[in-house]
Amino acid sequence: KRGAHYMPTLNDDGLIDYQILDMIKRGILLEDIARQLCQSFPERYSDWQQALAHVGDLSLKYSK
């Protein structure tokens, strides 16, 4: 998976993080991001507060 000629595809974790970072870049509120994750990944997040924990972690790491 580290080779120069490997063509990666995102797993669910990557898709979720990509979606979160994209919405942060577009200026969407964290609560709204968390609610969208619940709709997009209901098997992963049972409620928006649960999703907000992950969204908040990425916000702390990457936002200004």
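Need the failing condition index for Ile16 against (1) touching a Leu at 6+ places or on another chain (Cβ under 8 Å); (2) surrounded by fewer than 16 Cβ atoms within 10 Å (Cβ to Cβ); (3) touching a residue at least 12 places away in the same chain (Cβ under 8 Å); (4) part of a helix (DSSP H, G or I), just the number. It fails just one condition, (2). Residues of the range 42-52 include at least one that is free of Cβ contacts under 8 Å to residues at least 24 places away in the same chain, assigned to a helix (DSSP H, G or I), out of contact with any strand residue (DSSP E or B) (no Cβ under 6 Å at 6 or more places or on another chain) and of a type in the set (Gly, Ala, Ser). Need the failing condition index for Glu31 against (1) outside any helix (DSSP H, G or I); (2) without any contact (Cβ under 8 Å) to a residue 24 or more places away in the chain, just the number. In the conditions (1) outside any helix (DSSP H, G or I); (2) without any contact (Cβ under 8 Å) to a residue 24 or more places away in the chain, Glu31 misses (1) alone.
Considered as a group, the residues in the range 19-51 that are among the aliphatic types (A, V, I, L, M) and over 10 Å from the mean Cα position of the chain (by Cα) include one that is surrounded by the fewest Cβ atoms within 10 Å (Cβ to Cβ), and that residue is Leu29.
Laboratory data are not the source of any read-out in this text; all were calculated from the coordinates shown. Bear in mind the structure is a predicted one, so any value in this text is a computation, not a measurement. Cβ sites come from the backbone with ideal geometry, for glycine too, and all protein chains shown count toward neighbours.
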